[in-house]
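S.K.: Below: one structure in structure tokens.
Laboratory data are not the source of any read-out in this text; all were calculated from the coordinates shown. All values reported here derive from a predicted model rather than from experimental measurement. Methodologically, a virtual Cβ is constructed for each residue, glycine included, from the backbone with ideal geometry; neighbour enumeration extends over all protein chains shown.
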Amino acid sequence: MRSGKLPVSGKTVMLLCLASFLAGTIFASRKWTQPDSEINTDLVIPTMSNHEKLSTISRECDHKRKLAESNSGYIMREVMKTHQAIQSLDKSISTLEMELAIARTRQKVTQHTKENRASNQSIPNKAFMVIGINTAFSSRKRRDSLRETWMPKGDKLRKLEKEKGIVIRFVIGHSATQGGVLDRSIDNEEAQYKDFLRLDHIEGYHELSTKTRLYFSKVVSIWDADFYIKVDDDVHLNLGMLAGTLSKYKLKPRVYIGCMKSGPVLSQKGLKYHEPEYLKFGEEGNKYFRHATGQIYAISRDLAAYISINSGILHRYANEDVSLGSWLIGLEVEHVDERSMCCGTPPDCEWKAKRGNMCVASFDWSCSGVCNSVERMKHVHHTCGESDSAVWTLAN
């Protein structure tokens, strides 16, 4: 008051203080915030639009997809190579097992030969084919009908074996009462014709699978043949045609020759060809695998040797032709569907013969053999049979 100045009110002081605070705030804000032009561009993190981001991600996905596809193709190629190598190895193992079976059989044959020599028994010559005619005790008339038609007898039978290597025998086991009247009747017939092969086996229709297995095991131990044939005693056969047909496959190691079929698996009891183990073949109504019909078929030496060696573990189904097919289906075997081995009886085989297509074998499908074969075999032979010299003119 003494200096003469006007007094400053409290409100004015408050306003001045507030103004100073605001001015300081503005000054500090401008001082610490850099302008855009002064920002260090080296530290700027680039930013992209959404479109650019999607394009980049898409390119990366395409690259990864192409890489995966190329790797997948490579992997599949390697898998295929491995699979092929495994298949090749399986075939090699199968071949080695077959060769081992043959070697074992030949060792047995050699031992059998040595035993024969030691006992001064005759040694059978190597054969081209061995024909086993399946027969039964009740079939004497059937056997005689064959001896009077296509089957040589006596000296001609032995000459055929010696000069052409064709062995023919009726194959039979023994009765349930071994040494009884039935067996003695076969003994007498054998003494007369000397054309039987006896098996250690009880005869019976439901034992045909066992009989077939024993037949192949027996003949492969006696004759070293290229082919082994099984034929029923009510079938007409042309020996020359059979020999000529089989000779085409002589260089093949494992062949199974016959009229191939695939019939239905019969599950109903009481039917002639009922299959008790039908469930093994899938759903009811299914068919069997391909196999040769049972009237006649042929197998090569290697396959007979395989059956001989493994006979103890080969499963036997109700039907012998199915059994044989099952023994061979898992092996490296060539199945030959030879339709000339299942011609019909006249007029079928007659027409074919006139056209120059002589049949190997003839029978009636409806009878699973020549119907009424005892009465009709001569007629079939006269109509459809080859000349008596046909088999003798074949080249060895």
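S.K.: Ala136 label point, 7 Å along Cα→Cβ, cut-off 18 Å on backbone N: hits in segment 236-269?
M.R.: Counting only backbone N, you get 236.
S.K.: Express in whole angstrom the spacing between the alpha-carbon centres of segment 331-376 and segment 183-260.
M.R.: What the calculation gives is 18 Å, centre to centre.
S.K.: By how many nm would the segment from Gln178 to Ile222 lengthen if fully extended, with 0.36 nm per residue of separation less the alpha-carbon distance?
M.R.: Taking 0.36 nm per residue and subtracting the Cα distance, the gain is 13.5 nm.
S.K.: Still on this structure: So between Lys252 and Leu89, what do we pick up on full extension, going 0.36 nm a residue minus the alpha carbon distance?
M.R.: 56.6 nm
S.K.: Assuming R0 = 35 Å, what is the FRET efficiency of Gln192 and Ser311, from their Cβ-Cβ distance, to the nearest 0.05?
M.R.: Between Gln192 and Ser311 the formula returns 0.65.
S.K.: Evaluate the charge dipole of segment 175-286 about its Cα centre and quote only its size in Debye, nearest 20, assuming +1 on the Cβ of each Lys and Arg and -1 on the Cβ of each Asp and Glu.
M.R.: On the way: 15 positive and 17 negative charges, 110 e Å.
Rounded to the nearest 20 debye, it is 520 debye.
S.K.: Could the peptides 384-392, 132-140 be put in order, highest first, of the mean number of other beta-carbon atoms found within 10 Å of their residues?
M.R.: On the way: 384-392: 16.8, 132-140: 18.4.
The peptides rank, most packed first, as 132-140, 384-392.
S.K.: Taking the dipole about the Cα centre of segment 146-233, with the C-beta of Lys and Arg at +1 and of Asp and Glu at -1, give me whichever of Ile168, Ala225, Gly204 is farthest to the positive side.
M.R.: Of Ile168, Ala225, Gly204, it is Ala225.
S.K.: With a/c under 1.5 counting as rounded, go ahead and sort segment 200-242 into rounded, prolate or oblate using the C-alpha gyration tensor (a ≥ b ≥ c being the square roots of the eigenvalues; past the cut-off, prolate if a/b is larger than b/c, else oblate).
M.R.: Working: a/c = 3.24, a/b = 1.24, b/c = 2.60.
Because a/c hits 1.5 or more and a/b fails to exceed b/c, segment 200-242 counts as oblate.
S.K.: Take each of the peptides 168-180, 271-283, average the number of other beta-carbon atoms within 10 Å over its residues, and list them starting from the highest.
M.R.: Those peptides, ordered most packed to least, come out 168-180, 271-283.
S.K.: Can you order the peptides 335-348, 185-198 by their average number of other Cβ atoms within 10 Å per residue, highest first?
M.R.: Those peptides, ordered most packed to least, come out 335-348, 185-198.
S.K.: Cα gyration tensor of segment 304-396, axes a ≥ b ≥ c as square roots of the eigenvalues: rounded (a/c below 1.5), prolate (a/b > b/c) or oblate?
M.R.: Since a/c reaches 1.5 and a/b is larger than b/c, the shape of segment 304-396 is classed as prolate.
S.K.: Enumerate the calculated ³J(HN,Hα) couplings along segment 389-396 in order (Karplus 6.51 cos²θ - 1.76 cosθ + 1.60, θ = phi - 60°), each rounded to whole Hz, writing x wherever the residue is Gly or Pro.
M.R.: Going residue by residue, I get 8, 4, 6, 7, 8, 5, 6, 6 Hz, with x marking Gly and Pro.
S.K.: Rounded, prolate or oblate: which fits segment 176-294 when a ≥ b ≥ c are the square roots of the eigenvalues of the alpha-carbon gyration tensor, with rounded for a/c under 1.5 and prolate only if a/b beats b/c?
M.R.: On the way: a/c = 2.20, a/b = 1.18, b/c = 1.87.
Oblate shape, in that a/c is at least 1.5 and b/c is the bigger or equal ratio.
S.K.: Step through the table entries Lys126/Lys261; Lys272/Lys352; Lys261/Lys352; Lys250/Lys354, compare each Cα-Cα distance with 25 Å, and write down the pairs that go over it. Spell out each step's value before the answer.
M.R.: Details: Lys126/Lys261 32 Å; Lys272/Lys352 31 Å; Lys261/Lys352 21 Å; Lys250/Lys354 28 Å.
In this structure, Lys126/Lys261; Lys272/Lys352; Lys250/Lys354 lie more than 25 Å apart at Cα.
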